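K.L.:
Just passing along the structure, written as structure tokens.
The values are calculated or read from the model by the stated rules, or taken from the named source; none is laboratory data. Nothing here was measured: the structure is a model prediction, and the numbers come from that model. Here Cβ is always computed from backbone atoms with ideal geometry, including for glycine, and neighbour counts include all displayed protein chains. Side chains are part of the model used for accessible areas, which takes the heavy atoms of the whole protein and leaves out ligands, DNA and RNA. Shrake-Rupley method; radii C 1.70, N 1.55, O 1.52, S 1.80 Å.
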Amino acid sequence: MPPPPHAKPENVLKRAQELVAVNKNLGALELLHDHVTSKRTRNSPIASLEPVMILFVELCVSLRKGKTAKDGLYQYKNIAQNTSVQTIELVLKRFIELAEAKVTEAQERAEQIALDQIEDLEASETPESILLSTVSGEQSKDRTDRAVVTPWLKFLWETYRTVLDILRNNARLETMYQSTALQAFQFCLKYTRKTEFRRLCELLRNHVQNAAKYASQMHAINLNDPDTLQRHLDTRFQQLNVAVELELWQEAFRSVEDIHTLLNLSKRPAKNIMMANYYQNLTRIFLVSDNYLFHAAAWSRYYNLLRSSAAQVASGQALKKDSPSTTDADWTRVSSLYLLAALSIPVISQARSKGALLDVDEAKRTKNTRLTNLLGLAKAPTRASLFKDILNKGLLKRARPEIRDLYTILEVDFHPLSICKKISPILVQIANDPDMEPYVQPLQQVILTRLFQQLSQVYDSVQLSFVLELASFPSPFEITPTVIEKFIMNGCKKGDLSIRIDHSAGVLTFESDIFSTTKALHPGSGAGSAEKDTSVQKLQSTPSEIVRTQLSRLAKAMYLTCTHVDPTFLAEREEAKAASQQRALAGAQKEHAETLARRNIIEKKKELAEATLLKKEKEEAQFRAARVEEARLAEAARIADQQKKRELERVKAEQERIRKEELKKQVEELALDTKIDLENIGDLDSNQIRLLKLQQLEKEKRQMSERLHQTGKRIDHLERAYRREEVKVLPQDWERQKAEDLAAYEAAKKITLDAAKAQHEEAVALKNRLGRLVGAYEAFRDEIKQQRSQEFEQRRKAAERELQKAMEKRRKDVRERSERKRREKEAEEERIRLQKEKEEREAREAQERRILEEKEKARRDAEHREAMIKLKEERKAADEKAAIQRQREIEAEERLVARRLAAAAAATPAAASSDEGRWRTGAAGGRPLWRDREAAKVAAGGAAPPPEPAAAPAGERRRLNLAPRTLPREEQPVAPPAPSVQDATPSPPPAAETKPSGGAYRPPARRGPERSDTPPSGGGGRWVPPARRGNGEGEKKDNRDQKPRATGDKWR
């Protein structure tokens, strides 16, 4: 069957609008979809397709057909992306706007439904809602939103994904792509769609990764373009902000990695305000992940960025709008948070590891390297390096006073007996600030570390109760003894503490083994301290430190001894120092010159490298442009060839398909279970196919019969042999089976008895062992039952009171509602009664008006009948008068005709002799004409008898119901011609000028210019038929004597 003819877009649009007008939206959508996805539509003009696509997306949104819209929009993008991208943006924007409008409309409808369900505004909870809440956790609004709003939210999310998929890998649509991504981010943030946000981030990440695969295509995404890269960075920064707002920290970290990758690709530095947002979000991410070291490092980078940004704004190198705010309050806040984050870095690692080797493996190093690269640091930060940076930049002066005091207490002073008391007020102040409240818990770990480190410097052993008293914090920051003991065990495992706990005596003992060490494996390792030993305040050295440093102390003592005992030692040192200074002075000038020369060489090399790089980039750009142009031309040629080839292949395939379908139909008509290969039947005709089928069926039937016969014989023989052999061994098999079953039964019985006996003995032993606990258990159980029974009674009474209150309130509501309904019913009955009385009154008035109108109508009808009767009588009288008048006119006409005939008879004998031969020659066969016969009758009788009233006068045509002839009318009566010399007949008297007997009579009032059948010729005269025409003079005279006939005037 050939495909339907292709219609123009205008006709398709008109037909779709007609279907929409009759509420057949689905049919209109199918019509538009078939047209858009048709291959012939590719050649249609874009201006004609754009209205079609607008209506197409409107119908898709109204019917919620996301897949259909995606298919059609893909086709439209392929059609218009090389000619007009503005129309693609217009259609896609319309698509998104309609989807967002539907979501807003659904929300309004859901709110209206929720309001309509509220019957009483004063009752916050009804018994029905209370009972429903006990079996379901969701409220009525949640169910309404799930039924009304959720489908449209899903459709809007599919809309965003569809648009992003369509706009990817096209640089001309990149702006629309980025704006759609931002809209999708706002959608996820507005409706708190965390799962959809993860999918959206993964989708955008895949699009960027796939951009390199399609770099050779025309209008492909080029990440080397600064503007393109900047737009991607803006999108990733917004993605990071939304991830932080939604508290999706893993996605936020992935977004940070994406931003870092794009920043490495970018040749243009990012704006300071964007980098400030980047580092600020990193601080939140690291804080949530409890990575306080890199959290403090992120604050360090943020503070350094603020300093450099303020310097650039002051020097005019950067715009103020592109830089973050740097007021005094901002400096104080950032400095305080930076210092507090550094103080919160744990001294003892809190990582859950079973040994030191797990913290130094390759995965840990890789992770630290990645985090270091994200912050743009040359090496991994440490607690000591961060404090050194804080001191070098003078942050203590800008930080808040309580944070400075906290730093002094933890890092400078040595006061183990009062450290917690001094810090407790500061913790309260920190907890009151929402930004600083997350640092309270890590600060407690640092405070405990300092407490035990300082106690180990003073005491060898101390009471556990005394330590718990020293480690007391204000409410709600109390630390339980269990937490303190866990902290001590963790510090001992990591190697930072060497403490032994004696629970029986309640004593903490600080180990003083001279061969022990508390030094970490490496700075910052999770297996030991996160700081160096030099940062720990010391009152005196421990025995282990004394043993460990005895050689260094011996070297220092010997050096001092040499300086005091041998005077030449100092002199030699001074001489060596002076010689080195002389050598430095001698080579300073030369070294300076070499440094300047090396600097010039480096500058020249840099200039040469820059020139080479610019030249290379220019050549690459030209080569890339040429390659793109060649690819475009080759692609256009390839597309044209493919289109032509596809068209030829389509025609051939269509013809082959039609032929095969015909053959398949013939095969299917023969049988349903054919075994003929339908794909290779092109060379066969219908007769051959029928013959092959018959042969195949006959062959299968014969083979099946043979197989059944052979199988039946084999089964019979085999079964007979089996039974013969089986009869011989059945008794032995029966005996063997009985013996085996008995043995199995005895074994199972023994196993069961042994297991039951062992289980019984174990149960008896367990009963004897647990019997000692029965009394305590029963006492504890009774106590628990009593407590829970009391609690149950209290709750039951409270529930009964609540139930009584609710029942009383419901009774009150029911009584009020019943009273209100009764009043409303009475009011409604009163209104109905008044309305009924009003309607009855109006009905009576209407009946009275109708009676009056009927009487008035009867009166008018009577007057009208009388008038009609009077008019009929007048008309009858007028008709009688007209009949009398017509009779008189007929009689007058008859008398006039009689006089005319008498005058004509008198003139006829005089002209008979001259006209006899001529008239007779005009008659066929020599018979006299009717005029001659009439004249003879008149001459014989004196006058013609009066005609009957119904007959026409003699000499006139009968008045028949025929259409009148259309004859020309003469303007003036034709004057009779002058008598010729040869004419011997005298001219007729004046009375003979009346109309002859052969013409029709006209009343005097209607007489006018005479009319003839033909225009007059020569001297005038009436028209003569051909049979009566002659050449004699008498004919001319007759023509002069008689006037033209006016038969046409009579008919007219």
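K.L.:
Within region 27-62, which residues have the backbone N less than 15 Å from the label spot 7 Å out from LEU90 along Cα→beta-carbon, could you tell me?
P.N.:
Correct set: 45-58.
K.L.:
Also, quick follow-up: Could you order the peptides 705-718, 431-444 from most to least packed, using the average number of other C-beta atoms within 10 Å per residue? The partial results should precede the final answer.
P.N.:
Details: 705-718: 10.0, 431-444: 16.0.
In descending order of packing, they fall as 431-444, 705-718.
K.L.:
I've got another one for you. For GLU874 and THR711, calculate 0.36 nm times their separation in residues minus their Cα-Cα distance, and state this gained length in nm to one decimal.
P.N.:
Values: separation 163, 0.36 × 163 = 58.68 nm, distance 12.02 nm.
That works out to 46.7 nm of additional length.
K.L.:
Between LYS367 and GLU761, what length in nm is gained on full extension when 0.36 nm per residue of separation is reduced by their alpha carbon distance?
P.N.:
Details: separation 394, 0.36 × 394 = 141.84 nm, distance 5.83 nm.
Answer, rounded to one decimal: 136.0 nm.
K.L.:
Roughly how big is region 400-511's charge dipole about its Cα centre, with Cβ charges of +1 (Lys, Arg) and -1 (Asp, Glu), in debye to the nearest 20?
P.N.:
Values: 9 positive and 14 negative charges, 30 e Å.
Here region 400-511 has a charge dipole of around 140 debye.
K.L.:
Quote the accessible area belonging to ARG736 in square angstrom, nearest 10, computed with a 1.4 Å probe and with ligands, DNA and RNA left uncounted.
P.N.:
Accessible area of ARG736: about 120 Å².
K.L.:
Could you compute the net charge surrounding GLU706? Neighbours are other residues with a C-beta less than 15 Å from the C-beta of GLU706; K and R count +1, D and E count -1. Intermediate values should be presented prior to the final figure.
P.N.:
Values: positive: LYS699, LYS701, ARG702, ARG707, LYS713, ARG714; negative: GLU698, GLU700.
Within the 15 Å Cβ shell, the charges total +4.
K.L.:
Using 7 Å Cα-to-Cβ label points, what is the ARG690/ALA902 separation (nm, one decimal)?
P.N.:
10.6
K.L.:
Also, quick follow-up: At 7 Å along Cα-to-Cβ for each site, give me the label-to-label distance between ILE426 and ARG724 in nm.
P.N.:
Spacing of the two 7 Å Cα→Cβ label points: 10.9 nm.
K.L.:
Take the Cβ-Cβ distance between SER48 and GLU635 as r, set R0 to 30 Å, and report the resulting FRET efficiency rounded to the nearest 0.05.
P.N.:
Using R0 = 30 Å, I get an efficiency of 0.75.
K.L.:
Compute the distance in nm between two label points, each set 7 Å from the Cα along the Cα-to-Cβ direction, one at ALA846 and one at ALA578.
P.N.:
13.9
K.L.:
Rank these by accessible area, largest first, 1.4 Å probe: ARG795, ARG822, ARG365. Spell out each step's value before the answer.
P.N.:
Details: ARG795 160, ARG822 105, ARG365 140 Å².
Correct descending sequence by accessible area is ARG795, ARG365, ARG822.
K.L.:
For the cross-link pairs LYS65/LYS154; LYS379/LYS606; LYS93/LYS194, which exceed 22 Å when the distance is taken from alpha carbon to alpha carbon? Before the final figure, lay out the partial values.
P.N.:
Values: LYS65/LYS154 12 Å; LYS379/LYS606 27 Å; LYS93/LYS194 25 Å.
Cα-Cα > 22 Å for LYS379/LYS606; LYS93/LYS194; rest within.
K.L.:
Provide the solvent-accessible area of MET274, counting protein heavy atoms only and rolling a 1.4 Å probe, rounded to the nearest 10 Å².
P.N.:
Counting only protein heavy atoms, the figure is 30 Å².
K.L.:
Want the number for LEU26 to GLN317: 0.36 nm per residue separation, take away the alpha-carbon distance, what's left?
P.N.:
Details: separation 291, 0.36 × 291 = 104.76 nm, distance 6.13 nm.
Length gained between LEU26 and GLN317: 98.6 nm.
K.L.:
Using protein chains only and a probe of 1.4 angstrom, how many square angstrom of ILE345 are accessible, to the nearest 10?
P.N.:
Accessible area of ILE345: about 10 Å².
K.L.:
Then there's this: Rank these by accessible area, largest first, 1.4 Å probe: ASP322, ASP405. Don't skip to the answer; put the middle values down first.
P.N.:
Working: ASP322 40, ASP405 80 Å².
The residues order as ASP405, ASP322, largest area first.
K.L.:
Follow-up. Tally Lys and Arg at +1 and Asp and Glu at -1 over the other residues with C-beta under 14 Å from the C-beta of GLU257: what net charge comes out? Provide the component values of the computation, followed by the final result.
P.N.:
Working: positive: ARG205, ARG236, ARG254, LYS367, ARG370; negative: GLU202, GLU251, ASP258.
For residues surrounding GLU257, the net value is +2.
K.L.:
A further question follows. How charged is the neighbourhood of PRO324? Take every other residue with its Cβ under 15 Å from the Cβ of PRO324, and add Lys/Arg as +1 and Asp/Glu as -1. Walk me through the intermediate numbers first.
P.N.:
Working: positive: LYS271, ARG301, ARG307, LYS320, LYS321, ARG333; negative: ASP322, ASP328, ASP330.
Here the charged neighbours net out to +3.
K.L.:
Also, I was wondering about something else. Would you mind calculating the relative contact order of region 400-511 from Cα pairs under 8 angstrom and at least 6 residues apart, reporting the percent as a whole number? Don't skip to the end; give the middle numbers.
P.N.:
Values: 86 pairs, mean separation 28.2, N = 112.
Reported relative contact order: 25 percent.
K.L.:
Set the Förster distance to 35 Å, then compute FRET efficiency between GLU469 and GLU247 from the Cβ-Cβ distance, nearest 0.05. Kindly include the intermediate steps, with their values, before the conclusion.
P.N.:
Values: r = 39 Å, r/R0 = 1.12.
After rounding to 0.05, the efficiency reads 0.35.
K.L.:
Rounded to the nearest 0.05, what FRET efficiency do GLU202 and ASP227 give with R0 = 25 Å and r taken as the Cβ-Cβ distance? Could you check?
P.N.:
Numbers: r = 25 Å, r/R0 = 1.01.
With a Förster radius of 25 Å, E is 0.50.
K.L.:
Could you put TRP249, TRP734, TRP299 in order of accessible surface area, largest first, with the 1.4 Å probe and the full protein assembly present?
P.N.:
Working: TRP249 60, TRP734 145, TRP299 15 Å².
Largest accessible area first, the residues go TRP734, TRP249, TRP299.
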